[in-house]
Structures are given as structure tokens and as C-alpha cells.
Amino acid sequence: MELQGDHNVVRLSEVTKVFRMGNNRVEALKGINFAIKAGEYLSIMGPSGSGKSTLFNMIGALDKPTTGRVFIDEVDVAQLDAYELAWLRCRKIGYIFQTFNLIMVMTAIENVTLPMIFAGMNRDEYMEKGMELLRLVGLAERFQHKPPELSGGQQQRVAVARALANSPAIILADEPTGNLDLTTGEEIITLLKHLSTERGVTIISATHDIKMLNVSDRIVWIRDGRIDRVEERRDLKISVGEVG
Amino acid sequence: MSQSVERQVVLPFAQVVRISFNSMRVRLARSLITTASLALAIAFVAYIWSGYAILNSVWPHIDSSVQEDILSSGYEMTDGHFGSSPKDRWLAILSLIVCVVGIVNAQLMAVTERFREIGTFKCLGALNSFVVRIFVLEGIYQGIFGGLIGSILGILVATLTITLKLGWSAIVFWPALKMLLTIAEALFLAALLSLLGVMYPALVAARMEPAVALRAEA
């Protein structure tokens, strides 16, 4: 891996993941070695079924690898106890999902403040920060709305605000534009890029949205559970046509 | 940037109570359905139990012709008491089984359909204990509320049917103390069974890796 002296915010070493379904054994990841530098905007590309989402779950400490190690800030995730793991998911990483995964029965502001409640903040603090984050994503006036009363794009923006709640060092986005139309997808991408350049947040995004490539520093292509190739943006020769 | 990993704080209990209460309030319709199944199951048990209690209490004070009537309508007396013949005991056990299955099933369903929510909670930094506490509290609220409604309903129906058969003497010699005891027993039973139904899926879900809980079919 070509490192440039920055510290690795995420490092994977010989990570494999095997799913067992009845008598079937599916190797979703077949030995991934990879390092992600702090402040990078990284896209993980690949066809569906290539292991993208599985890799995403490994990087985000949302699932355990079958073999191999995952380091976040050079700490081996497997060595962490439940409290440390919860702290890591709460403070260090912000998650954005294709299906938004907002709590349907909670309002926008309740969804955004939830990670801060888990972090032990007091009410005044988390309400203020929550409103500030909703303003950032342009939804301040809809803070009392529940997800079913919001459009897909708005729901995803709430999810982005929620991911930022505890000012994480890493934002992990699993196909964040997958359920959105072109324009709203672009809005989300712009927002993520803005976070990466303005706040130095590491953005890691699994995607098959070509628009994502334009803003990524590096693109990792996954194929059949392995890293197929890694491309720096400056080497990319794909030009994205004007679609939509 | 800090390199170390700290330990997540455990939320104060008052905060957990607030969240669990809100969580029930906002899905009132769904949680009323769960509570209703609890209440109906408990109503059946309370009906059987209180029916015998009323009969036993009223029996010495009614005419022998009415007593004949009761016996000929199918009630069986053993050692001067109702509710202790093998048939009656079977009926009580049967009502209990219906109650266990009804409540446990209702709670299993209610928790299982929230696996994704549990997965989301865990992604956002919830501890396993938080997840379990939320569901245990909700189970207890529903158990107590459903138990109260159910036992009152059961006792009301039992009183009504026996009054229709025996006339006002059923009300005059109504065993109030025994009824209170029935309500207390039914409440305890409802809370216990509701907890039993909630605990298993909540424990399973709390221990799941977040990615697995999120994948679960909602």
C-alpha cells in the first residue's frame, strides 16, 4: 500500500468473511489488505454481490471478519470490549445507509440527537448541536417531522446530520445515493465532499454511482471478494457525461 | 486527533425510562394491539378464577332451588368448593396455557419486527444493555396495563354472567378481597409473561452484530 506518512485511519489485514447459509458456504471477502489515510475521500466500487457491503460492514466494525484483522486508528477492533466498541461506533464513525435507517417513530431532531444522547451529552447541548446540524443539511424548519413525512432526499439528509452528530473522524456511507434521484444524489455527494474538504473528515463510501468518482481521491474496485484495482483520481480517464 | 478508544457511558436509568416511554407512546396503535392481546389472554384467566371465587362466596347464601339450578347447569362441586374438581382445574390450566401462548407470541412479534431499529441503535452507539432495558421496560408497562384491563374485564364478565344466573345475591356477597387478590395475581402473571416474551428476542437482537440485525427482515 502506498502510504504517504499520514496515519492510517482504517487498515485491513487479510480480512475474509464467510457466510454460511445452510450447507452453502459463501466467501464474500477473500483476503482484503488495504489502508485508508486520514482525510481521504475513498469510494469502494463494484458490481452488486462483489462484497462491497460486507467490506463496508468490516470497516465500520458492524460485523466481525471470519479471519484477519481490522484496525481503526491502529486499534485492533477484535480486541475491543462491548463498551469500547459502542464508543467507537458512537464517536469515531458516522454511518449513512442506502436505506437511510432512520428510526421511523422519531422526529428529525430526535433522530439526529440520538447518538449524542448515547454519548452522554446533556439536553441543552444536544438540542443545540442537533438544530445546528439540521441547519447544515438545510432541514432546520422540518425538525419536528418524522421520516415518513419527509422525501427520500430529505431523509438521507437527516441521516447525514445524524452521522455528523458526534463529529466523527470517519463517515461511512453505504450506497448513500442508491435510493435517490439524480439531483438529490448529487446534493448528498456535494455535502459529503464539502465535509471532507472543510472538516477533514475521512469519507468512505461504497457505491456504484459514477458521480461519486468525480469527488473521490481514490477508488477501490472490488470484484468477487477481492480488491481488483485501486485508482487515484488523477489517473482516472473516465469523463462523466451530463446525465439528467 | 485522539488515538485511543474510550469506554461508552451507560445511560442514566431515567433517560432509558424516558426513551422507552416515548417509544411506546409514538407507536400507540401498535403497542395497544400487543396490549390488547395481553388483556384478552388475562381476561380469560381472570374470568375463570373470579367465576369460581364468586360462586364459592355466594353459595352458602342462596336458596337450595338456585343451588340445584347451578349444579344442573354443569358446575361441579368437590368438598363444598367450586373450582377444584379435575375438570375445573383443567379449565384453569387451559386458560393459563392460552394466556402464555397469547402473550409470548404477541411480544415475540412486536420485538422481532423491530430488529432493524435495534441494529440502528447499535450503530449509533447503544450498548446491549440499553437495548435489553428498553424492551424490558416496554414489556413491563404493557404487562401491567394489559393485566389491569384484562383482569377487570374478566372479573366484570364473570360477575355479570353469574348475576344473570343467580340474581342480586351475586353482587351482595361479591368477594371483594378475593377479587383484589385475583387482580394482583393477574397483574403479576401478565407482567411476568410479557417479560418472558420480550426477553428472548431482545437478548438475541442485542447480542447480534449490528450488520446482522440491520439485515433482518422487518
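The values are calculated or read from the model by the stated rules, or taken from the named source; none is laboratory data. What you see is a predicted model; the values in this text were computed from it and never measured. All Cβ positions, glycine included, derive from the backbone under ideal geometry; neighbour counts span all protein chains shown.
Some points to look at:
- Pick from segment B:142-193, criterion polar (S, T, N, Q) and crowded, with 18+ Cβ neighbours inside 10 Å, ranking: farthest from B:V17 (Cα to Cα): B:T159
The rows are residues; the columns are (1) of a type in the set (G, A, S); (2) over 16 Å from the mean Cα position of the chain (by Cα).
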site	(1), (2)
B:H81	no, yes
B:W90	no, yes
B:S95	yes, no
B:V98	no, no
B:I103	no, no
B:L108	no, no
B:E117	no, yes
B:K122	no, yes
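- Residue check for B:L71: more than 10 Å from chain A (Cβ to nearest Cβ) and exposed (fewer than 13 other Cβ atoms within 10 Å of the Cβ): yes
- Qualifying position, being of a type in the set (A, V, I, L, M, F, W, C), within 14 Å of chain B (Cβ to nearest Cβ) and buried (at least 17 other Cβ atoms within 10 Å of the Cβ), among A:L12, A:L88, A:L42: A:L88
- A:G22 being within 18 Å of B:E209 (Cα to Cα), surrounded by fewer than 23 Cβ atoms within 10 Å (Cβ to Cβ), free of Cβ contacts under 8 Å to residues at least 60 places away in the same chain and more than 13 Å from every other protein chain (Cβ to nearest Cβ): no
- Being within 13 Å of chain B (Cβ to nearest Cβ), under 21 Å from the mean Cα position of the chain (by Cα) and among the small types (G, A, S) is a property that holds for A:G94.
- Each residue in segment A:92-113 was checked for being touching a helix residue (DSSP H, G or I) at 6+ places or on another chain (Cβ under 9 Å) and surrounded by 22 or more Cβ atoms within 10 Å (Cβ to Cβ), and 13 of them qualify.
- Here B:G125, B:G146, B:G154 are screened, and the one residue that is of a type outside the set (S, T, N, Q) and either touching a His at 6+ places or on another chain (Cβ under 9 Å) or closer than 22 Å to B:L28 by Cα (or both) is B:G146.
- Count of segment A:111-146 residues, restricted to those that are assigned to a helix (DSSP H, G or I) and either more than 10 Å from chain B (Cβ to nearest Cβ) or not polar (S, T, N, Q) (or both), is 24.
- Residue count for segment A:156-189 under the criterion of being in a helix (DSSP H, G or I), of a type in the set (V, I, T) and modelled with pLDDT of 90 or more: the result is 3.
- Hits in segment B:110-144 - residues which are without any contact (Cβ under 8 Å) to a residue 24 or more places away in the chain and of a type outside the set (D, E, K, R): B:F121, B:L124, B:A126
- Helices (runs of 4 or more DSSP H) contained entirely in segment B:128-218, each with at least 1 residues that are at pLDDT 90 or above: B:128-166, B:176-207, B:210-215
- Contacts under 8 angstrom Cβ, first residue in segment A:63-84 being without any contact (Cβ under 8 Å) to a residue 24 or more places away in the chain and of a type in the set (A, V, I, L, M), partner assigned to a loop (DSSP other than H, G, I, E, B) and surrounded by fewer than 17 Cβ atoms within 10 Å (Cβ to Cβ), 6 or more apart: A:V75/B:Q3; A:V75/B:S4; A:A78/A:K64
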